[in-house]
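Chemist: Submitted below is the structure of interest, expressed as structure tokens.
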Amino acid sequence: MAENSWVENLPEAAQAYLEGRRLDEVECIVSDLPGIARGKAVPASKFMRQDYFHLPDSIFFQTITGDWGEAAGADGFIERDMILRPDMDTATAAPWTGDWTLQVIHDAYNRDGVPVPFSPRNVLKRVVQLYRDKGWKPVVAPEMEFYLVARNIDPAKEIEPMMGRSGRPAAARQAYSMTAVDEFGPVIDDIYDFAEAQGFEIDGITQEGGAGQLEINLRHGNPIKLADEVFYFKRLIREAALRHDCFATFMAKPIAQEPGSAMHIHHSVLDIETGENIFSDADGAETPQFYHFIAGLQNHMPDALAVMAPYVNSYRRYVKDHAAPINLEWGRDNRTTGIRVPLSSPGARRVENRIAGMDCNPYLGIAASLACGYLGLIEATQPKPEFKGDAYEGEGDIPRDMGQALEGFDAADALQEVLGPDFGRVYSIVKRAEYDEFLQVISPWEREHLLLNA
């Protein structure tokens, strides 16, 4: 295929990026379970000639440390080659590279053409299809919180806020401050430039409550497209930070006394035939399905927490009065509850999941959240009464550590049937390998308080 005709079939933003230039390279990528981009970089001329490429399915058994642990010895693990096919709708610029490079997300299939069930993007596609089979179209809007921090190359050293353009460290407790946002102006400018080059629309950037903590809101839309964007955004934000001698981190709790970082997920569901929001009736009132969806989140999110809070650090975020929920109460315009119903018109009525951490894989976090709501719609259950007041005064009702969360996930037959039993098996193997590895590490707290006192 001639290069010109090939470029003409790319998304508009990718075409604009390459206008008057020669494409040098294409990064063929897929998300692993932690959300790391895996794949190959190939010359553009080769990419234009290939319909697919191969990677071993072992990439989905890899832990966040790059190890396989017991995963490689799991039943049925042979390390077969997968077929990775490009989704050209995801073709987008990699504007931080030294040459003219595109990124393209690929979908994973086995040799029989069946989607690999433990590929995160395939997991989300499976859940979205379950909605469509019922005549529903799920819509999501993610909010991404993250920190800009000083470079840290020593894991034994505590993470510190970055220096702003004033030469002073980023200050905490400055939520929504435009002055605080201006401190990170050069980094934010690059984030906007990279996002524009990639064709992404940012709905807004605000300063959050932590020192150097920012939030980016994305416009609502198709869950798969939005998960692709979050996947891409994590990379572009890191690259923008590196240009300015700092790190961007999506850890759930990078700094001990500061708020954690969440990926709040707003949900609504449309009727495919009418295009109407099923959470509102013709008179604008809340429907039974609105309450069923909330009930699904309340009933199934404890079992899904191992997916939305995937690391031991994730559970440090759930602290009273630190802008993170400790329970699954629901309330209208109440940010202390785990499930919030924002103020909106009837047509825009939605439910916000405030539980998911920014450290989760965006495909899996959105898939798990939608799966919980889907089960509520199918089961037609009722939520607990609306909570009015400060939910931090109540008791916590979510798992407090990774081990407890994994036990709930492993026993959650209904949830795993929605996400896919093969995914559930592999995910548990990988997360237990990570958890076991963590338990081999002796922390500074243990050495300080137990060495001579225990």
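The values are calculated or read from the model by the stated rules, or taken from the named source; none is laboratory data. Note that the coordinates shown come from a computational prediction; the quantities given were computed from them, not determined experimentally. Note that we place each Cβ from the backbone using ideal geometry, even for glycine, and neighbour counts take in every protein chain shown. Each accessible area value is taken on the protein alone, full model and side chains, heavy atoms only, with ligands, DNA and RNA left out. Shrake-Rupley method; radii C 1.70, N 1.55, O 1.52, S 1.80 Å.
Chemist: Could you tell me which of the residues 354, 332, 340 is under 26 Å from residue 64 (Cβ atoms) and of a type in the set (Lys, Arg)?
Modeler: Being under 26 Å from residue 64 (Cβ atoms) and of a type in the set (Lys, Arg) holds for just one of 354, 332, 340, which is 354.
Chemist: In this structure, does residue 35 turn out to be at pLDDT below 90 and either buried (at least 21 other Cβ atoms within 10 Å of the Cβ) or assigned to a loop (DSSP other than H, G, I, E, B) (or both)?
Modeler: It is false that residue 35 is at pLDDT below 90 and either buried (at least 21 other Cβ atoms within 10 Å of the Cβ) or assigned to a loop (DSSP other than H, G, I, E, B) (or both).
Chemist: Cβ-Cβ under 6 Å, sequence separation 6+ or interchain: first residue in the stretch 405-425 and over 18 Å from residue 373 (Cα atoms), partner of a type in the set (A, V, I, L, M). Which pairs?
Modeler: Here the result reads 405/305; 405/306; 406/306; 423/123, each pair linking the stretch 405-425 to a residue that is of a type in the set (A, V, I, L, M).
Chemist: Please go through (1) modelled with pLDDT under 95; (2) open to solvent by 20 Å² or more (accessible area, probe 1.4 Å) for residue 273 and return the number of the only condition it doesn't satisfy.
Modeler: Checking residue 273 against (1) modelled with pLDDT under 95; (2) open to solvent by 20 Å² or more (accessible area, probe 1.4 Å), the one that fails is (1).
Chemist: With respect to residue 53, determine if the residue is buried (at least 20 other Cβ atoms within 10 Å of the Cβ), at pLDDT below 95 and of a type in the set (Phe, Trp, Tyr).
Modeler: no
Chemist: Sort out which residues of the stretch 126-150 are assigned to a helix (DSSP H, G or I) and either without any contact (Cβ under 8 Å) to a residue 40 or more places away in the chain or out of contact with any strand residue (DSSP E or B) (no Cβ under 7 Å at 6 or more places or on another chain) (or both), and write them in order of number.
Modeler: Within the stretch 126-150, 126, 127, 129, 130, 132, 133 qualify.
Chemist: For the subset of the stretch 249-264 comprising residues that are more than 16 Å from residue 360 (Cβ to Cβ) and open to solvent by less than 30 Å² (accessible area, probe 1.4 Å), which member is nearest to the chain's Cα centre (by Cα)?
Modeler: Of everything passing the filter in the stretch 249-264, 259 is nearest to the chain's Cα centre (by Cα).
Chemist: Identify the residue in the stretch 308-332 that is part of a loop (DSSP other than H, G, I, E, B), among the aliphatic types (A, V, I, L, M) and within 14 Å of residue 357 (Cα to Cα) and, among all such residues, is modelled with the highest pLDDT.
Modeler: Per the stated criteria, the residue is 309.
Chemist: Kindly establish whether residue 279 is surrounded by fewer than 23 Cβ atoms within 10 Å (Cβ to Cβ) and aromatic (Phe, Trp, Tyr).
Modeler: In short, no.
Chemist: Follow-up question, since we're still on this one. Being at pLDDT 95 or above, within 24 Å of residue 215 (Cα to Cα) and either in contact with a helix residue (DSSP H, G or I) (Cβ under 6 Å, 6 or more places away or on another chain) or of a type outside the set (S, T, N, Q) (or both) is true for just one of 335, 350. Which residue is that?
Modeler: Selected residue: 350, the only one of 335, 350 that is at pLDDT 95 or above, within 24 Å of residue 215 (Cα to Cα) and either in contact with a helix residue (DSSP H, G or I) (Cβ under 6 Å, 6 or more places away or on another chain) or of a type outside the set (S, T, N, Q) (or both).
Chemist: Of all helices (runs of 4 or more DSSP H) completely enclosed by the stretch 350-454, which ones contain at least 3 residues that are crowded, with 16+ Cβ neighbours inside 10 Å?
Modeler: In the stretch 350-454, 362-379, 402-410, 413-419, 421-438 are the helices (runs of 4 or more DSSP H) which contain 3 or more residues that are crowded, with 16+ Cβ neighbours inside 10 Å.
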